[in-house]
Amino acid sequence: MSGAEFTRRSVLAAGAGAALGLPAAARAEPGKKVLRYAFEVAETSLDPAKINDLYSRILTPHIFEGLYHYDHLARPIKIKPLTADGMPQASSDFRTWTVKIRPGIYFADDPAFRGKRRELVAQDYVYSFKRFADPANKSPVWSGLETERLLGLNELRQAGLDARKPFDYDREIEGLRALDRYTLQFKVAEPRPRFHENLASGDLFGAVAREVIEFYGEEAESHPVGTGPFRLVQWRRSSFIAFERNPGFREMFYDAEPAADDAEGQAWAARLKGRRLPMVDRVEISIIEEEQPRWLAFLNNQADLQFEMGFQFIPQAMPNGKVAPNLAKRGIKGYRYLEPTVYCAFFNMEDAVIGGYEPARIALRRAIGLGMDARTLVAYAYNGQGAAAQTPLLPHTSNYDPHYRSEFGEYDPARAQALLDLYGYVDKDGDGWREQPDGSPLVLRINTQSDQRSRKIAEVMDRNLRALRIRSESVVAQWPENLKAARAGKLQVWTVGSQADAPDSIGALARYDSRQIGGQNMARFRMPAFDALYDRAQALPDGPERAALFDQAQKLALAYMPYKYTIHRISTDMAQPWLIGYRHPVFWTDWWQYVDIDDSLRNPTR
């Protein structure tokens, strides 16, 4: 997901160090290895139960650890135990999953523990999962967890809603139990052959200690305490965040397993194998909306990584997909990668103008889709860093077919005009703009942000709609405000993106599941037949029968067009020569502990 919340236009003349917003003391810490880079979008929270945006989910798994994680270098991907003691044991019907917790893992020291060392136990994961069901947390992820149908969890949430009393964390449920101090068991109502992939989502399902939440109350998100390799030490919201090595982090050593033909990965693995994690002492994240100050900071060696580089500077940095000679001479490396993402414009299905299921409203949405030029969008707003999307499914996930072609990828304004004419969206008053079939005004309110890329996206959309003779108005707000309004059903049209956090394609179908309205389903699409299809796809093992369901889902998504898919993003990262071991993650967001900073490779005169 992309957008921006914090503008620093005034710092351009102050230099790159100021552009990153780094305090003077933080910029000069002798003897410490510090990883510095910037986000283009502000975090929303540091509480795993309250987040669903990419940038917050980059931060939290470095504090809160899940049961499993992904090998940093392995391609194809490989899931490995993290706090679990071995891989999970599944029953033959995939309804019961049992996990052993590794003894001797401890939470970081905190006043909430009253001076005692606090060991991670199975009950911590029971509590952490229940927090998503607690209505008081208003978790945007609950709608997805709800469909997993952990026995008793949905009923526990409903009891909390009905009683209007504090959520009963002590009530035992069959689907989520600590069998003993180190044994955790999950039971689901329907087969879930890929349930272990959820357990690898450490950016969401990391262990939280109940004592911490109860000790700090409403301020708990400002005091995140986990078992992970880093701890929060500074937080200026939407501006600057600093983490330092967790001094109590257990002995954990680098053991990545790259493919045999992965030359760079093999080199990293050989260099770092056996090193104790984390290898850096401190991580500093600055929030900078505009591309220019982020790029200046990197060029002036004030940032070690240009993460998901701004599209404005791609032609200078990596012309024709290769690192520019002047940068290559400095030892800078470039990484170009097709993300497991898809960007789309959603149409609020409850809106009186653009929503609804009657033929005329469907025709309006499909005409807008046909009139939206994704290739110009890629070229102009993304500087070629994208591929026109043909499907709701995301690259690198199961059932995604790079050769699939559909109307989602078509640009046919003539056909769009004919469709609008056919269903009565014509100029009735002679002012040059189309009206609705009943003669009322046809005006689309399209929400956006103020950053340069969002402005360019809005320009392309406005130009495309003008060509169809449809009026549009841009409504500019900060990204978190748009997200909140979208989840509440208050936006008519907004462009958003989503990124896969697991190898399965089911997450793409979640955008159509009516039970996930208010969360993943921003279009507020409701169709019992689709909900049933989603449930069947959840329960079936991989194979031809399940693949046929995804094909059917893609056809329904196109037929009703609650989302117009535009691009799959190509990201470009640039790394300084002293950043050792970096690789762009795929389905995970934690990586700081797997990289090193070699200050001997710095040259301050460059």
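Cα centroids of the range 424-467 and the range 87-119: how far apart, whole angstrom? Between the Cα centres of the range 424-467 and the range 87-119 lies a distance of 53 Å.
Charged side chains reduced to their Cβ positions (Lys and Arg at +1, Asp and Glu at -1) give the range 457-562 a dipole of some 540 debye around its Cα centre.
Over what distance in Å are the Cα centres of the range 277-320 and the range 234-263 separated? With the range 277-320 and the range 234-263 each reduced to a Cα centre, they are spaced 18 Å. By the beta-carbon count within 10 Å of each Cβ, the least crowded to most crowded order of Asp599, Asp451, fewest first, is Asp599, Asp451. Highest mean packing first, where packing is the average number of other Cβ atoms within 10 Å per residue, the peptides 47-57, 487-497, 170-180 line up as 47-57, 487-497, 170-180. Overall shape: rounded for the range 40-245, with the ratio a/c of the largest to smallest alpha carbon gyration tensor axis below 1.5. Excluding same-chain neighbours fewer than eight residues apart, the aspartates and glutamates reachable from Lys33 by a Cα-Cα span under 15 Å are Glu244, Asp281, Glu284, Asp304, Asp596, Asp598, Asp599. Considering only alpha-carbon pairs that sit under 8 angstrom and 6 or more positions apart, the relative contact order computed for the chain is 20 percent.
Within the shell defined by Cβ-Cβ distances under 13 Å, the residues around Gly86 carry a net charge of +2, with Lys and Arg each +1 and Asp and Glu each -1. Calculated mean residue ellipticity, 222 nm, the chain: -7500 deg cm²/dmol, from DSSP H runs (n ≥ 4) at -39500 (n - 2.57) each, averaged per residue and rounded to 500.
Dipole magnitude for the chain: computed about the Cα centre from +1 point charges on Lys and Arg Cβ and -1 point charges on Asp and Glu Cβ, it is near 980 debye.
Going by a ≥ b ≥ c, the root eigenvalues of the Cα gyration tensor, does the range 248-378 fall in the rounded group (a/c under 1.5), the prolate group (a/b larger than b/c) or the oblate group? Each step should come with its number before you reach the end.
Numbers: a/c = 2.36, a/b = 1.87, b/c = 1.26.
In terms of gyration-tensor shape, prolate.
Taking the Cα centre of the range 341-569 as the origin and placing charges on Cβ (Lys, Arg +1; Asp, Glu -1), which of Ala548, Tyr382, Tyr565 is farthest toward the positive end of the dipole? Toward the positive end, the furthest listed residue is Tyr382. Taking every C-alpha pair closer than 8 Å and separated by at least 6 residues, the mean separation divided by the residue count of the range 341-569 gives a relative contact order of 34 percent. With 26 Å as the limit on Cα-Cα distance, the pairs of Lys80/Lys130; Lys273/Lys322; Lys138/Lys490; Lys428/Lys555; Lys78/Lys456 that go past it are Lys273/Lys322; Lys428/Lys555; Lys78/Lys456. Charge tally for Tyr382 (other residues, Cβ to Cβ under 11 Å; Lys, Arg +1; Asp, Glu -1): +4.
Where a number appears in this text, it was derived from the coordinates with a stated rule and is not lab data. Given the structure is predicted, the values throughout are model-derived calculations rather than measurements. Don't worry about glycine lacking a Cβ; one is built from the backbone with ideal geometry, like all the others, and counts go over all protein chains shown.
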